[in-house]
Amino acid sequence: MLILYLFCVFIPIVFTNVLFYNVTTNNVKNQRMKDISRAVEQINIDFRSEVEDAVTISSVFYTDYNLNQILETDYDEPAAYIEAYDTYFRRILNTYPPVYTSIQNIKFYVENPTMLHSGGIGYLSSEMKQTDWYQMLNKQDDAYPIFVRTQQEDLYLKTDTSTAKNTFSIIRAMNYFESKNHWQKYLKIDLKASTIEQIFQNQNLQGNIYLVNDKGDIEFTTDPAVDWRMDSVAYKALEFPKDAIEFQAEYSYVSYLEDWRIIATISEEEVLKDVRQSREFIFVLACLNIFIPTLIILWITRSLNERLVRILRHMKKVKNQNFDTIKQGEYLDEIGQLTSEFNRMTIQVKSLIDDVYVADIQTKSLELERRKAQLNALQSQINPHFLFNALETIRMRSLIKDETETAKIIHNMAKIFRTSLTWGKDRVMVSEEIEFIVCFLEIQKYRFEDRMDYHIDVAPSAKGCPVPKMMFLPFVENASIHGIEPLRHGGKIEVKVEREANELIFTIRDNGIGMNEDKVRQFYGYLDSEEEIGERIGVQNVIYRMKLIYGDRFHLLIESSPGAGTYIRVRVPLE
């Protein structure tokens, strides 16, 4: 199901959405690039239209015979000039500015000394001849106007070269009529700076716009970081971000704007802003396309998986001869049919086992019981009871012959032997366990005579407490055989049993040969190891039984050193 989901749902959806995103991104990006290009082209057209309006007006003045006649006439008296000015000149100067709102000012600069230099008439002085536009006009064909960035009208009279150039002007020589060229005369039409700024402040462009002349210098820009009014700044000298995209619109076949360009620089992030918005939409759509099918597939997969796991679990039960049927609602799909068939099969198998297999097992069990009875009959011939009877006979004969010490030892041996062979009773009282210990110590005392002595102290509250059978005897045996027996002068064993709250404490102390640290660590190792240890299998057996019965509630303490004897304390909980 995971592979099916991965290759049939997840990968196709991701691939489709990535492809859709790339196609949409390219379409949005291309459309945005076209919109920006159109916006730059529109600025180009609007700016050219404003300039052409000024050029059109200049052409009207350039070919106006009466106007050229007024500018060329030598006036004997100021009154004659004023009459000509009021009759014709004033009227034409006031005609165009109201119609062409982009025109800021119209002014004529003349060398004619008989004219009054006011009201649209300026004197072409030597300072004016030092201006950039005058130099440009003298370097080209006088028949065509020039378009330059200039100061406003009377600012040319100032000698301060740091004055900002803050407007654009159309300037041309008034030399259309060859008979009217006695005096130099020039027409200067200033455009409104506010109109130019309004054209370049295009709201559809979230970037910087530059007007670059034919020399590559910036004539106007919306970039606040460029001081274009005071100094000439080359466009190529500017540094732009790496992700900046450049859009250009050039002027061709226009003499006064030849090789001028309008350049817009916009960051790629701004261009792709709409793409980012579409990406968010595509991402949400992709999440929905993945999330909803995933939920449906998980729901179906979970249902199939739970029922298949349930069938598998019951099949394992059948393997262990547990023939429970699957209890669930009826499903009509393939898993539901499989469940129904499994229940039917389980019932049939159970019926067959009950009818055939169990009957066969019962028959074989009877055969085993019969053979076991035969074996018990054979074993009864060598039953250990005849050993007890034999020991008892020897003890009675010893008593008849007044050998009471021998009879006592035989009695103790028979008692220990009988107890060790009867394991049907796993728990004994502390008093019974002490009897086993006393029997063993009496036998050992009979062996060593005066070389061994012992003392047993049992608290009355501990005598009736149940303990595992032969829990303490192996420790006493170990102290006697391995602690006291190697000593020539003999030794003593002290046994003490007491009760503290809900715990039973058994201690044994001897003054035998003792043990070194390695042997002590070996005893402690029995707590974690089940390795056989040869002759000390009795002590190991006790420790192993205590771990099984009491777990971590069983505590063992051993203190011993060579020549100083051994002290052992066993603490077990009362049950």
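The values are calculated or read from the model by the stated rules, or taken from the named source; none is laboratory data. Keep in mind that this is a model prediction, so the values were computed, not measured. Cβ placement follows ideal geometry from the backbone for every residue including glycine, while neighbour counts extend to all protein chains displayed. All accessible areas refer to the heavy atoms of the entire protein, side chains included, with ligands and DNA or RNA removed. Shrake-Rupley method; radii C 1.70, N 1.55, O 1.52, S 1.80 Å.
State yes or no: is Tyr526 surrounded by fewer than 18 Cβ atoms within 10 Å (Cβ to Cβ) and at pLDDT below 85? Even if it seems obvious, please write down each step before you answer.
Working: surrounded by fewer than 18 Cβ atoms within 10 Å (Cβ to Cβ): no; at pLDDT below 85: yes.
The answer is no for Tyr526.
In the set (1) without any contact (Cβ under 8 Å) to a residue 40 or more places away in the chain; (2) assigned to a strand (DSSP E or B); (3) closer than 28 Å to Phe61 by Cβ, Ile218 fails one condition alone, (3).
Any residue at all in the range 77-86 that's part of a loop (DSSP other than H, G, I, E, B), open to solvent by less than 60 Å² (accessible area, probe 1.4 Å) and out of contact with any His (no Cβ under 7 Å at 6 or more places or on another chain)? For the range 77-86, residues part of a loop (DSSP other than H, G, I, E, B), open to solvent by less than 60 Å² (accessible area, probe 1.4 Å) and out of contact with any His (no Cβ under 7 Å at 6 or more places or on another chain): absent. The one condition from (1) under 16 Å from Asn166 (Cα atoms); (2) in contact with a Phe, Trp or Tyr (Cβ under 9 Å, 6 or more places away or on another chain); (3) open to solvent by 40 Å² or more (accessible area, probe 1.4 Å) that Gln198 does not meet is (2).
Can you work out which of the residues in the range 445-469 that are open to solvent by 80 Å² or more (accessible area, probe 1.4 Å) and of a type in the set (Asp, Glu) is farthest from Gly491 (Cα to Cα)?
Quick first cut of the range 445-469, residues open to solvent by 80 Å² or more (accessible area, probe 1.4 Å) only: 446-447, 449-451, 455, 460, 463.
Next, only the ones that are of a type in the set (Asp, Glu) stay: 449-450.
Numbers: Glu449: 11, Asp450: 9 Å.
The selected residue is Glu449.
Only one entry of Lys192, Lys180, Lys188 meets the criterion of being in contact with a strand residue (DSSP E or B) (Cβ under 8 Å, 6 or more places away or on another chain), among the charged types (D, E, K, R) and open to solvent by 10 Å² or more (accessible area, probe 1.4 Å), and that entry is Lys192. For the range 470-481, the candidate set comprises residues that are within 14 Å of Tyr567 (Cα to Cα) and among the aliphatic types (A, V, I, L, M); within that set, the residue that is surrounded by the fewest Cβ atoms within 10 Å (Cβ to Cβ) is Val476. Among residues of the range 288-309 that are over 13 Å from Phe10 (Cβ atoms) and modelled with pLDDT under 80, those with a Cβ under 9 angstrom from a residue that is open to solvent by 80 Å² or more (accessible area, probe 1.4 Å) and among the hydroxyl-bearing types (Ser, Thr, Tyr), sequence gap 6+ or separate chain, pair up as Ser303/Tyr331; Arg307/Tyr331. Here is the figure for the range 483-509: residues that are outside any strand (DSSP E or B), open to solvent by 60 Å² or more (accessible area, probe 1.4 Å), more than 18 Å from Tyr550 (Cβ to Cβ) and of a type outside the set (Asp, Glu) total 3.
Restricting the first member to the range 501-519 and to residues that are on the phi > 0 side of the Ramachandran plot, and the second to residues that are among the hydrophobic types (A, V, I, L, M, F, W, C) and open to solvent by less than 80 Å² (accessible area, probe 1.4 Å), the beta-carbon pairs closer than 6 Å and six or more apart or on different chains are Gly514/Ala564.
Here Ile45 fulfils each of the conditions (1) in a helix (DSSP H, G or I); (2) open to solvent by less than 50 Å² (accessible area, probe 1.4 Å); (3) modelled with pLDDT of 85 or more apart from (2).
Would you pick out the residues in the range 442-482 that are assigned to a helix (DSSP H, G or I), touching a helix residue (DSSP H, G or I) at 6+ places or on another chain (Cβ under 7 Å) and not β-branched (Val, Ile, Thr)?
So in the range 442-482, the residues assigned to a helix (DSSP H, G or I) come out as 442-451, 460-463, 473-482.
Retained after the next criterion (residues that are touching a helix residue (DSSP H, G or I) at 6+ places or on another chain (Cβ under 7 Å)): 442-444, 446, 462-463, 473-478, 480.
Across the range 442-482, the qualifying residues are Glu442, Gln444, Tyr446, Ala462, Lys463, Leu473, Pro474, Phe475, Glu477, Asn478, Ser480.
Within the range 231-250, does at least one residue satisfy the condition of being aromatic (Phe, Trp, Tyr) and in contact with a helix residue (DSSP H, G or I) (Cβ under 9 Å, 6 or more places away or on another chain)? Can you show your working first?
So in the range 231-250, the residues aromatic (Phe, Trp, Tyr) come out as 235, 240, 247.
Next cut, in contact with a helix residue (DSSP H, G or I) (Cβ under 9 Å, 6 or more places away or on another chain) only: 247.
Within the range 231-250, one or more residues are aromatic (Phe, Trp, Tyr) and in contact with a helix residue (DSSP H, G or I) (Cβ under 9 Å, 6 or more places away or on another chain).
Condition check for Asp243 on (1) surrounded by fewer than 19 Cβ atoms within 10 Å (Cβ to Cβ); (2) free of Cβ contacts under 8 Å to residues at least 40 places away in the same chain; (3) within 26 Å of Ile146 (Cβ to Cβ): one failure, at (3). Within this structure, Ala249 fails the test of being assigned to a loop (DSSP other than H, G, I, E, B) and under 30 Å from Ser49 (Cβ atoms).
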